[in-house]
Amino acid sequence: MIGSLSPARRTRDLAAVAGGAVDVVVVGGGVTGAGVALDAASRGLSVLLCERTDLAAGTSRWSSKLVHGGLRYLAHGELGLARESARERAVLMGATAPHLVRPLPFLVPDAAGRDVTALAELGGRLGDAVRFSVPGGRRSLPPTRRVGAADVGRLVAGVRPGGGGVVFWDGQLVDDARLVVALARTAAAHGARVLTGATVTAVDGADVHVTTDDRPFTVRAGAVVNAAGVWAQRLAPGIRLVPSRGSHVVVPGVRLGSPSAALTVPLPGSRSRYVFALPQPDGLVYLGLTDEPVEGAVPDDDATPADAEVAQLLDTVNRVLAEPLTRADLVGAYAGYRPLVLPGAAAPGGATADLSRRHLLAWDGPVLSVVGGKLTTYRAMAEEAVDAVVARLGRGAARSVTARLALVGAAPRVALDRLGAPPRLVARYGTEAPAVEALGPAPVVAGRPETVGELRFAVRHEGARTVADLLDRRTRIGLVPADRERAVPVAEQVLAEG
Ligand SMILES: Cc1cc2nc3c(=O)[nH]c(=O)nc-3n(C[C@H](O)[C@H](O)[C@H](O)COP(=O)(O)OP(=O)(O)OC[C@H]3O[C@@H](n4cnc5c(N)ncnc54)[C@H](O)[C@@H]3O)c2cc1C
């Protein structure tokens, strides 16, 4: 299996790097760190990626799972940022991960107000113009259009009947954590060593100190890329972040009439912030999202949505629903910390904080911190970071190749359609779906689509080592706690099989 993160490979990688030397140590196995590892490895640099818990253990699995063209940036007049987002969306959908990203219609119903839909139509058309201006953008999505009452009922049956609306299109990831796993495995296929359960505790000149479940070790590095997200300040105390919490709740799709579009309702009083009811391939709907400042240091543990955030999400979407949602409808909830860079942050070491792009790239000695940005733009951030590393080391190819580098499982849509494996597995594993199917089609828990084969594949090829790796990251059964409880014995059994 290409780039397999098997238990045997982990043992080999650990033995190879402990006490050894690499060009780059990447700290953090979220989308940013995995993207940096891939960019660096594919330019010929030797790479060690250290992730303290598991791939996608941090913010990267708590997103809204949108690969978006930056409509909100347009609302703030940030055309450059919107173009970058649209370009990266086209790269993911057209070249690097067509299996993981699907086009998703967004419905803004007239029930939210005619002024709201008029603005959405304008924004959507501007977004289309930006999309047309980037390579591969033109054919990637259908255009924005007004729709009648019948279409509204067809797209989101739960909306109060009678009015029309506006539909615009964007990209949706089947699962954000799967993008991170695909990136890490593709990096491994290019020679990167990927260690989960490996915490970087200190950087002392060229010496990088790492603790693992097995033993501590030191590795010498030409450069260290700090992609530790909201925890990046621990290795680079000079950078300043203002994290905020974003929350979602999980409801059964049937409560909104099993929608095929993302219902989009503006937050009262805002022209650029929306609550989305995002249909998922497994029949659930994620309702998000909030933006709450976080005081003090960010804890290691997962965030939880506050009561007021849950109320805000339900109240906003209920404005347009025929039958309002209540707390009794919730089957789960999740929250994550956004790694936001403080405006005006004075980065150490004469570095630049490019705040218009909302990410920070800052050298401090041998450590380059790359923090902020969006999941959608991870590749562009990684490219910029590795450009800086290559310039400093004087080694590695000067130009990134990742805009054309297909991730494991990726193939053109026509080839994916011909695979003959269940469409759900193709959407999550691409060309590897038949191999996953062959490992066992039995459901992990009755009434859910995940298979035992997916758990086995995760242990054998995707670096999963614990029940949480299996249920909270390689699959997302954990988003519904009652289902997770039922799945634990199966996950334990698969781990015991090895
Ligand atoms: C609620 C919410 C919704 C969002 N929705 C979207 C969206 O729909 N689309 C979009 O494009 N963006 C979205 N974003 C933004 C996006 O999710 C983040 O920008 C992105 O995931 C950040 O990734 P990261 O790799 O930088 O950080 P993380 O994913 O947090 O990764 C950092 C990793 O570093 C590890 N780590 C920390 N310290 C150490 C150490 N010392 N040693 C080793 N490892 C360490 C952590 O365990 C973690 O896994 C959303 C964000 C939030 C909060």
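The values are calculated or read from the model by the stated rules, or taken from the named source; none is laboratory data. Keep in mind it's a predicted model, so treat the numbers as computed, not measured. Cβ: placed from backbone, ideal geometry, glycine included. Neighbour counts: every protein chain shown. Surface areas here come from the heavy atoms of the whole protein model, side chains and all, with no ligands, DNA or RNA. Shrake-Rupley method; radii C 1.70, N 1.55, O 1.52, S 1.80 Å.
Considering the stretch 390-498, the qualifying helices (runs of 4 or more DSSP H), each wholly inside and each with 1 or more residues that are among the β-branched types (Val, Ile, Thr) and surrounded by 16 or more Cβ atoms within 10 Å (Cβ to Cβ), run over 423-429, 433-438, 452-461, 481-497. Criterion applied to GLY420, GLY440, GLY447, GLY394 was being under 23 Å from LEU284 (Cα atoms) and more than 25 Å from the chain's Cα centre (by Cα), and the one residue passing it is GLY447. For the stretch 46-63, how many residues meet the condition of being acidic (Asp, Glu) and more than 6 Å from the ligand (Cβ to nearest atom)? Going through the stretch 46-63 one residue at a time, the tally reaches 1. Among the residues making up the stretch 443-462, those that are in contact with a strand residue (DSSP E or B) (Cβ under 8 Å, 6 or more places away or on another chain) and under 27 Å from ARG413 (Cα atoms) are PRO443, PRO449, GLU450, THR451, VAL452, HIS461, GLU462.
Scoring LEU141 on the criteria (1) over 30 Å from THR431 (Cβ atoms); (2) in a loop (DSSP other than H, G, I, E, B); (3) in contact (Cβ under 8 Å) with a residue 24 or more places away in the chain leaves a single failure, condition (1).
Touching a strand residue (DSSP E or B) at 6+ places or on another chain (Cβ under 8 Å), in a helix (DSSP H, G or I) and more than 13 Å from the ligand (Cβ to nearest atom): does that describe ALA8? Spelling it out, it is not the case that ALA8 is touching a strand residue (DSSP E or B) at 6+ places or on another chain (Cβ under 8 Å), in a helix (DSSP H, G or I) and more than 13 Å from the ligand (Cβ to nearest atom).
Of the numbered criteria (1) over 18 Å from ARG327 (Cα atoms); (2) without any contact (Cβ under 8 Å) to a residue 60 or more places away in the chain; (3) open to solvent by 60 Å² or more (accessible area, probe 1.4 Å), the one SER270 fails is (3). Within the stretch 285-319, being crowded, with 20+ Cβ neighbours inside 10 Å, touching a residue at least 40 places away in the same chain (Cβ under 8 Å) and part of a strand (DSSP E or B) holds for TYR286, GLY288, ALA303. Among the residues of the stretch 4-15, is there at least one that is over 30 Å from THR304 (Cα atoms), open to solvent by 10 Å² or more (accessible area, probe 1.4 Å) and β-branched (Val, Ile, Thr)? Scanning the stretch 4-15 turns up at least one residue that is over 30 Å from THR304 (Cα atoms), open to solvent by 10 Å² or more (accessible area, probe 1.4 Å) and β-branched (Val, Ile, Thr). The residues in the stretch 64-89 that are more than 14 Å from the ligand (Cβ to nearest atom) and not basic (Lys, Arg) can be counted, and the count is 7.
Identify, from the list ARG87, ARG72, ARG52, the residue that is of a type in the set (Lys, Arg), out of contact with any Asp or Glu (no Cβ under 8 Å at 6 or more places or on another chain) and under 15 Å from ARG379 (Cα atoms).
On the way: ARG72 fails: under 15 Å from ARG379 (Cα atoms); ARG52 fails: under 15 Å from ARG379 (Cα atoms).
Only one candidate passes the filter, namely ARG87.
Taken over the stretch 114-135, the criterion of being surrounded by 17 or more Cβ atoms within 10 Å (Cβ to Cβ) and either assigned to a loop (DSSP other than H, G, I, E, B) or not assigned by TED's automatic domain parsing to the domain that holds LEU79 (or both) is satisfied by VAL134 alone.
Which ones in the stretch 68-103 are of a type in the set (A, V, I, L, M) and either in contact with a Phe, Trp or Tyr (Cβ under 8 Å, 6 or more places away or on another chain) or not assigned by TED's automatic domain parsing to the domain that holds ALA335 (or both)? Outline the logic, then answer.
Of all residues in the stretch 68-103, those of a type in the set (A, V, I, L, M) come to 71, 74-75, 79, 81-82, 86, 90-93, 95, 97, 100-101.
Correct list: LEU71, LEU79, LEU81, ALA82.
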